[in-house]
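These notes concern the structure reproduced below.
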Amino acid sequence: MAIDEAQLETWSHQGAIQSSRDTYAAIKTVLESPQAPYANRSYKVFLQGSYCNDTNVWADSDVDIIIRLDGAYSSDITRLSQPEQDEYNAIPNASYGYTDFKKEVVAWLSKNFNGVNPGNKAIYIPASGKRREADVLVCQQFRRYHSLAARRFDRGICFWSKGTLIENFPEQHSDNLTAKHQDARQWVKPMVRIFKNLRNYMVEQDELGDGIAPSYFLEGLLYNVPSDRYDKTYQDTFVSCYDWAVAADRSKLVCANGLHWLVRDNSSTSWPTKDCEAFFQSARRVWQGW
């Protein structure tokens, strides 16, 4: 047996669009207000996650928003020569940084929305009326340097969670996933939604633990699948993508941003090996037992 085509077609559909768009617009307007205490700072507000990437399903409830401080940044300079590292380390620190910025963003959101809850990573804003719940991630710019003299670097984001610096590259993730979607004849994003809905079904049926297969890693997994594996029917495409992924050398798979490994242990930016394997095993059981 296999999951029927009609079910997969239903799972391929995108979730709420208009309410998510309106939620982002409402919160973005507040974040970019000229009355905000950080209004004179250099920053950027943009979307990340499922709604940004058009991979949202109906079960997705929150909108993920980033506000990135650009007037200060952290860097990875390990790829620079020693003289360039010495030159970089001589640059004075910014007087206004992540900690100050986050305090002001939290205070401003709390003034404008009820029930704001700053978490270890993101600031939670509960739903109200037609506005969906949202997570606002306060971060600062991150640079992975390749050349200091040529100012060549990969621009990303970073933030601190429980004292640990976490870096990521959401804009590259979104751009690369969209490029892959176009190269694969518009198949990638519907397949991501199918994999996400399958994941949700497995969690509901106690076939998979909650949090084992985050959307970010499912997007990364399908980003690695060759474009010629996407075609024909949802059933054929699912089997083709699944079979390729199971047989692939997972040590060579990359996140959709192209800058982190997808499957690695003891990494805040990678999918733990056991969680990846658990997803594959559960998916096989559900597919065969449908």
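Here are some residues: ARG264, ARG193. Which one is within 19 Å of the chain's Cα centre (by Cα) and farther than 22 Å from LEU47 by Cα? Let's see the steps before the verdict.
Details: ARG193 fails: farther than 22 Å from LEU47 by Cα.
Being within 19 Å of the chain's Cα centre (by Cα) and farther than 22 Å from LEU47 by Cα holds for just one of ARG264, ARG193, which is ARG264.
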Inset, instruction - Determine, yes or no, whether GLY49 is at positive phi and not charged (D, E, K, R). - result: yes
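Can you find a residue that is exposed (fewer than 15 other Cβ atoms within 10 Å of the Cβ) and either modelled with pLDDT under 95 or among the aromatic types (Phe, Trp, Tyr) (or both) anywhere in region 130-143? Break it down into steps so the answer makes sense when it comes.
Start the filter on region 130-143 by keeping residues that are exposed (fewer than 15 other Cβ atoms within 10 Å of the Cβ), which leaves 130, 133.
Adding the requirement that they be either modelled with pLDDT under 95 or among the aromatic types (Phe, Trp, Tyr) (or both) leaves 130, 133.
Among the residues of region 130-143, at least one is exposed (fewer than 15 other Cβ atoms within 10 Å of the Cβ) and either modelled with pLDDT under 95 or among the aromatic types (Phe, Trp, Tyr) (or both), which makes the answer yes.
Counting just the residues of region 1-55 that are among the basic types (Lys, Arg) and within 19 Å of the chain's Cα centre (by Cα), which one comes out farthest from GLY97 (Cα to Cα)? Spell out how you get there, then give the answer.
Kept after step one, since they are among the basic types (Lys, Arg), are these residues of region 1-55: 21, 28, 41, 44.
Going one step further and asking which of them are within 19 Å of the chain's Cα centre (by Cα), we end up with 21, 28, 44.
On the way: ARG21: 30, LYS28: 21, LYS44: 14 Å.
Among them, the one singled out is ARG21.
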Inset, instruction - Output yes when any residue across region 242-258 is open to solvent by less than 40 Å² (accessible area, probe 1.4 Å), part of a helix (DSSP H, G or I) and at pLDDT 95 or above, and no when none is. - result: yes
Inset, instruction - Answer yes or no: is there a residue in region 146-163 that is crowded, with 17+ Cβ neighbours inside 10 Å and aliphatic (A, V, I, L, M). - result: yes
Legend entry - Selection within region 7-26 - hydrophobic (A, V, I, L, M, F, W, C), closer than 23 Å to CYS52 by Cβ and either open to solvent by less than 70 Å² (accessible area, probe 1.4 Å) or at pLDDT 95 or above (or both): TRP11, ALA16, ALA25, ALA26
Inset, instruction - Look through ILE77, ILE166 and report the one residue that is among the hydrophobic types (A, V, I, L, M, F, W, C), modelled with pLDDT under 95 and open to solvent by less than 30 Å² (accessible area, probe 1.4 Å). - result: ILE166
Legend entry - Flag for LYS130 being of a type in the set (D, E, K, R), under 30 Å from HIS13 (Cβ atoms) and more than 20 Å from the chain's Cα centre (by Cα): yes
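Does ASP4 qualify as being free of Cβ contacts under 8 Å to residues at least 40 places away in the same chain, among the acidic types (Asp, Glu) and open to solvent by 50 Å² or more (accessible area, probe 1.4 Å)?
Values: free of Cβ contacts under 8 Å to residues at least 40 places away in the same chain: no; among the acidic types (Asp, Glu): yes; open to solvent by 50 Å² or more (accessible area, probe 1.4 Å): yes.
Judged against the criteria, ASP4 is not a match.
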Inset, instruction - Kindly establish whether TYR98 is closer than 21 Å to LYS162 by Cα, hydroxyl-bearing (Ser, Thr, Tyr) and in contact (Cβ under 8 Å) with a residue 24 or more places away in the chain. - result: yes
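Filter region 142-172 for residues that are of a type in the set (S, T, N, Q), more than 16 Å from THR78 (Cα to Cα) and out of contact with any Lys or Arg (no Cβ under 6 Å at 6 or more places or on another chain) and give the result. It would help to see each step written out before you state the result.
Just the residues of region 142-172 that are of a type in the set (S, T, N, Q), to begin with: 147, 161, 164, 168, 172.
Among the residues that remain, those that are also more than 16 Å from THR78 (Cα to Cα) are: 161, 164, 168, 172.
Within region 142-172, THR164, ASN168, GLN172 meet the criteria.
Residue by residue, here is whether (1) surrounded by fewer than 22 Cβ atoms within 10 Å (Cβ to Cβ); (2) touching a helix residue (DSSP H, G or I) at 6+ places or on another chain (Cβ under 7 Å); (3) in contact (Cβ under 8 Å) with a residue 12 or more places away in the chain; (4) over 23 Å from GLU5 (Cα atoms) holds:
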| residue | (1), (2), (3), (4) |
| --- | --- |
| LYS180 | yes, yes, yes, yes |
| ARG193 | no, yes, yes, no |
| LYS196 | no, yes, yes, no |
| GLN205 | yes, no, yes, no |
| ILE212 | yes, yes, yes, yes |
| ARG229 | yes, yes, yes, no |
Inset, instruction - Return the pairs, sorted by first residue and then second, in which the second residue is among the basic types (Lys, Arg) and crowded, with 19+ Cβ neighbours inside 10 Å, the first residue lies in region 62-75 and is under 13 Å from TYR98 (Cα atoms), the beta carbons are less than 9 Å apart, and the residues are 6+ apart or on different chains. - result: LEU69/LYS102; TYR73/ARG143; SER74/ARG143
Legend entry - Boolean, GLY115 is at positive phi and of a type in the set (Gly, Ala, Ser): yes
Inset, instruction - Can you tell me which residue among ASP231, ASP265 is under 22 Å from ASP183 (Cβ atoms) and among the acidic types (Asp, Glu)? - result: ASP231
Legend entry - Long-range neighbours under 9 Å by Cβ, at least six apart or interchain, first residue under 27 Å from ASN168 (Cα atoms) within region 118-130, second in a strand (DSSP E or B) and of a type in the set (Lys, Arg): ILE125/ARG131
Legend entry - Search result, residues across region 231-241 that are open to solvent by 60 Å² or more (accessible area, probe 1.4 Å) and out of contact with any helix residue (DSSP H, G or I) (no Cβ under 7 Å at 6 or more places or on another chain): LYS232, ASP236
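The values are calculated or read from the model by the stated rules, or taken from the named source; none is laboratory data. Keep in mind that this is a model prediction, so the values were computed, not measured. Cβ atoms come from the backbone with ideal geometry, glycine included; neighbour counts cover every protein chain shown. Heavy atoms of the whole protein, side chains included, go into the accessibility calculation; ligands, DNA and RNA do not. Shrake-Rupley method; radii C 1.70, N 1.55, O 1.52, S 1.80 Å.
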